[in-house]
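Asks: Shown below is the structure under consideration.
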Amino acid sequence: MAHLAPRRSYGVVQMKKKAILTIPKEVRMALRLSDEGEVFELIVEDGKIILEPKALIPKDQEWYWTEEWQVGEREADEDIKAGRLSPSFDNATDAIKYLDSVKHDGVLYTYRPKVQ
């Protein structure tokens, strides 16, 4: 969600049957919310109800959002911005030759696949 102004009144809403509230269209548009299916965290703070939009992450994608993985993503972004990129290759053999020839942290690593 984009960070918007700290506070703005969009008028008054009335609770309907079964405690249903309607979020005004102007608010939905400002926060880029669809008309249905959105998920919110409900927070009670200092006697106020706060609905914070949330994005649910599919179980099979949770690994991507771990702090450990995100640290690596930020490092990769920095490398890309700094131009620290390996060349592209037409085939795996050329890629392996390149990897065999480069040093990482001053150490030459050699990858040798196991032959079965």
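The values are calculated or read from the model by the stated rules, or taken from the named source; none is laboratory data. Given the structure is predicted, the values throughout are model-derived calculations rather than measurements. Note that each Cβ is placed from the backbone with ideal geometry, even for glycine, and that neighbours are counted across all protein chains shown.
Asks: Select, from P58, P87, the only residue that is at pLDDT below 90, more than 18 Å from the chain's Cα centre (by Cα) and exposed (fewer than 10 other Cβ atoms within 10 Å of the Cβ).
Replies: P87
Asks: Please specify each residue of region 33-58 satisfying the condition of being closer than 20 Å to V13 by Cα, touching a strand residue (DSSP E or B) at 6+ places or on another chain (Cβ under 9 Å) and part of a loop (DSSP other than H, G, I, E, B).
Replies: Answer for region 33-58, where residues must be closer than 20 Å to V13 by Cα, touching a strand residue (DSSP E or B) at 6+ places or on another chain (Cβ under 9 Å) and part of a loop (DSSP other than H, G, I, E, B): L33, E38.
Asks: Take the residues in region 1-29 that are modelled with pLDDT under 90 and hydroxyl-bearing (S, T, Y), then tell me which one is surrounded by the most Cβ atoms within 10 Å (Cβ to Cβ).
Replies: Y10
Asks: Would you check which residues across region 30-41 are free of Cβ contacts under 8 Å to residues at least 12 places away in the same chain and surrounded by 11 or more Cβ atoms within 10 Å (Cβ to Cβ) and list them?
Replies: none
Asks: Also, quick follow-up: Against the definition (farther than 30 Å from L99 by Cβ, β-branched (V, I, T) and exposed (fewer than 10 other Cβ atoms within 10 Å of the Cβ)), how does V44 come out, yes or no?
Replies: So V44 fits the description; yes.
Asks: Could you tell me which residue of region 59-91 is farthest from V102 (Cα to Cα), considering only residues that are outside any loop (DSSP other than H, G, I, E, B) and either of a type in the set (S, T, N, Q) or in contact with a Cys (Cβ under 9 Å, 6 or more places away or on another chain) (or both)?
Replies: Q61
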